[in-house]
1. Give the number of residues within the range 1-23 that are open to solvent by 30 Å² or more (accessible area, probe 1.4 Å), part of a helix (DSSP H, G or I) and touching a residue at least 60 places away in the same chain (Cβ under 8 Å).
2. Can you list the strands (runs of 3 or more DSSP E) lying wholly within the range 85-185 that have 1 or more residues being of a type in the set (D, E) and at pLDDT 85 or above?
3. Within the group N111, N144, N127, N169, which residue is closer than 23 Å to H71 by Cα and either open to solvent by 40 Å² or more (accessible area, probe 1.4 Å) or small (G, A, S) (or both)?
4. Under the condition of being open to solvent by 80 Å² or more (accessible area, probe 1.4 Å) and either charged (D, E, K, R) or modelled with pLDDT of 90 or more (or both), which residue from the range 41-62 is farthest from R106 (Cα to Cα)?
5. Can you find a residue that is open to solvent by 70 Å² or more (accessible area, probe 1.4 Å), within 18 Å of D99 (Cα to Cα), part of a helix (DSSP H, G or I) and acidic (D, E) anywhere in the range 27-34?
6. Restricting to the range 86-117, give me the number of residues that are of a type in the set (S, T, N, Q), touching a helix residue (DSSP H, G or I) at 6+ places or on another chain (Cβ under 6 Å) and either closer than 18 Å to V15 by Cα or touching a residue at least 40 places away in the same chain (Cβ under 8 Å) (or both).
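The values are calculated or read from the model by the stated rules, or taken from the named source; none is laboratory data. Owing to the predicted nature of the structure, the values given are computational and were not obtained by experimental measurement. Because the Cβ atoms are built from the backbone with ideal geometry, glycine has one as well, and the counts that use them run over all protein chains shown. What goes into the accessible areas is simple: the full protein's heavy atoms, side chains included, and nothing from ligands, DNA or RNA. Shrake-Rupley method; radii C 1.70, N 1.55, O 1.52, S 1.80 Å.
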Amino acid sequence: MKFRFCGDGDCPDWVLAEIISTLSNLSVENVEQLAQLVAKRIIGEAFEETTIRSLTSTATNDGKTAVACVHYMLTNAARYSCTEAIFNEEIQQLGLPKDHAMAMCRVLQANAMAIRQQLIDKAFRINELQSIRNVTSPGETPPNCATLELKISQELVDGLPKDTTHIVNIECAQLGALLDEMKLARDIMLKYENKQSA
């Protein structure tokens, strides 16, 4: 089945399993509190780990998979502008009891705009290309190649964001093809942007 909150795609198996095995077995109040805490985390507020542990004390993994599941559902429902009615119907189809689904919908309704804004603000902030510089030098650069220095902001290294610099050798023929592909991608993005503003 295709689900609107999954971008009109299939729901991942792990989300389905977590809905059935954990979220459905929590009380409605605990699901709502958990969803509120996860929503706060998504929009950048402090993460109350001890409270989450107490809410998910019956779950395995200290509730980490429950948190990941709720995070996935809320961010995707907000990302794909899924209405509360459709979200409610779809998560019930996946096995979440009606009252639990209503609780999730209340949290989505209260936080969807803030989650969407956070997604926009954070878009392209990890592994963001800051600059490209040609550092080709005779004798050091292999023949028929160009040496490029890539500066990347917030690259994930061992799970933590760091500013990094990479030196890359690329064949001159491939460099031309890469430039052509990037121009094509830019043209497509401009067409899309023009459609959005029209």
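1. Number of matching residues: 3.
2. Working: elements: 128-134, 145-157, 160-171.
Qualifying strands (runs of 3 or more DSSP E): 145-157, 160-171.
3. One residue alone meets the criteria, N127.
4. D62
5. Just the residues of the range 27-34 that are open to solvent by 70 Å² or more (accessible area, probe 1.4 Å), to begin with: 29, 33.
Those left that are additionally within 18 Å of D99 (Cα to Cα): 29, 33.
Within this subset, residues satisfying the condition of being part of a helix (DSSP H, G or I) are 29, 33.
Going one step further and asking which of them are acidic (D, E), we end up with 29.
Yes, the range 27-34 contains a residue that is open to solvent by 70 Å² or more (accessible area, probe 1.4 Å), within 18 Å of D99 (Cα to Cα), part of a helix (DSSP H, G or I) and acidic (D, E).
6. Step one: filter the range 86-117 for residues of a type in the set (S, T, N, Q), giving 88, 92-93, 109, 111, 117.
Next, only the ones that are touching a helix residue (DSSP H, G or I) at 6+ places or on another chain (Cβ under 6 Å) stay: 88, 92, 109, 111.
Filter once more, so that each one left must be either closer than 18 Å to V15 by Cα or touching a residue at least 40 places away in the same chain (Cβ under 8 Å) (or both): 88, 92, 111.
Counting residues in the range 86-117 that are of a type in the set (S, T, N, Q), touching a helix residue (DSSP H, G or I) at 6+ places or on another chain (Cβ under 6 Å) and either closer than 18 Å to V15 by Cα or touching a residue at least 40 places away in the same chain (Cβ under 8 Å) (or both) gives 3.
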